[in-house]
1. Here is a check on your reading of the model: is residue 180 surrounded by fewer than 22 Cβ atoms within 10 Å (Cβ to Cβ), more than 19 Å from the chain's Cα centre (by Cα), more than 20 Å from residue 31 (Cα to Cα) and in the same structural domain as residue 209 (by TED's automatic domain parsing)?
2. Select from the range 124-133 the residues that are in contact with a helix residue (DSSP H, G or I) (Cβ under 8 Å, 6 or more places away or on another chain) and surrounded by fewer than 18 Cβ atoms within 10 Å (Cβ to Cβ) and write down the one among them that is modelled with the highest pLDDT.
3. Select from the range 252-276 the residues that are under 16 Å from residue 291 (Cβ atoms) and not in a strand (DSSP E or B) and list them in ascending order.
4. What's the number of the condition residue 296 fails, among (1) surrounded by 18 or more Cβ atoms within 10 Å (Cβ to Cβ); (2) outside any helix (DSSP H, G or I); (3) at pLDDT below 90?
5. Can you name the condition, by its number, that residue 136 falls short on among (1) at pLDDT 95 or above; (2) out of contact with any strand residue (DSSP E or B) (no Cβ under 8 Å at 6 or more places or on another chain)?
6. Taking residue 212, is it part of a strand (DSSP E or B), in contact with a strand residue (DSSP E or B) (Cβ under 7 Å, 6 or more places away or on another chain) and within 29 Å of residue 16 (Cα to Cα)?
7. Can you report the number of residues in the range 54-69 which are farther than 17 Å from residue 18 by Cβ and either without any contact (Cβ under 8 Å) to a residue 24 or more places away in the chain or not assigned by TED's automatic domain parsing to the domain that holds residue 36 (or both)?
8. Which one of 303, 261 is under 30 Å from residue 208 (Cβ atoms), surrounded by fewer than 17 Cβ atoms within 10 Å (Cβ to Cβ) and touching a residue at least 40 places away in the same chain (Cβ under 8 Å)?
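The values are calculated or read from the model by the stated rules, or taken from the named source; none is laboratory data. Remember, predicted model here, so these are calculated numbers, not experimental data. Here Cβ is always computed from backbone atoms with ideal geometry, including for glycine, and neighbour counts include all displayed protein chains.
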């Protein structure tokens with residue numbers, strides 16, 4: 001029997017958000033299915049945080065439709081907000097409260113039944129490995145532990161959807177790994193929309209990505225799908241004994257080449273032309289009479305795809 005497709009948990013349909021004369025979000029549409037961990041990418045000012053706040057019910061859309069767990073965020077606001085655990089980029093903490101006090105306070109705000117609050121707090125503490133600091137004031141914790149507290153409050157009540165806006169921002173590499181492992185442990189049990197500027201983290205955590213720029217959606221899919229939709233973009237790296245200016249000029253003259261730049265003593269060439277870019281670069285070096293010390297062809301990674309999309313491509 002064919003697999004039953006997972007139901008959509010986040011549905012954004014032609015959504016626009018305006019602040020006065022500024023269009024922060026311009027008619028974007030996407031879906032996130034049950035159990036997915038999806039990366040939400042874009043440069044600063046692209047509209048990521050505004051979109052996440054619309055999903056969380058903080059901002060109403062100016063036009064279009066947003067549904068969360070099947071509930072319209074405008075006509076069924078309470079039900080849609082109940083389905084979401086939201087971790088904002090600048091999570092609000094009450095620094096004078098103990099960790100347990102803060103989580104109990106959030107449990108009350110979320111209207112968890114009184115008889116379930118203690119167990120819910122204990123579950124969140126355990127899920128985020130916070131037992132050792134449960135009796136400390138939030139303001140005395142390291143940034144890594146405060147981020148864990150932010151994730152714990154989002155998990156309270158076991159909402160089926162998590163909206164995480166830059167949960168690893170400002171952390172050291174070890175703390176980033178800890179938060180990444182916590183999020184990875186949610187795979188299959190929660191639907192997660194995850195925003196980050198650390199593209200390696202997105203690649204490690206997310207099954208697919210959504211990319212927006214200038215308020216518009218410019219790409220959606222797995223990194224491999226996005227690379228394919230961008231066309232036959234290829235990259236070659238060459239090191240040669242030729243004069244750099246002459247080599248760059250020869251490479252720029254090749255058909256399909258749209259980027260040539262020097263990096264760490266090598267010359268990077270990108271082309272939307274033929275697949276065998278390295279072969280073409282080698283022939284250009286031969287015609288110029290330059291000895292080649294290194295020549296290799298690379299495929300685009302997520303960082304390359306992201307930069308191509310936000311520079312004006314679309315996939």
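1. no
2. It comes out as 131.
3. Selection gives 265 alone.
4. Answer for residue 296: the failing condition is (1).
5. (2) is the only condition that residue 136 fails.
6. yes
7. The total comes to 0.
8. That would be 303, the only listed residue that is under 30 Å from residue 208 (Cβ atoms), surrounded by fewer than 17 Cβ atoms within 10 Å (Cβ to Cβ) and touching a residue at least 40 places away in the same chain (Cβ under 8 Å).
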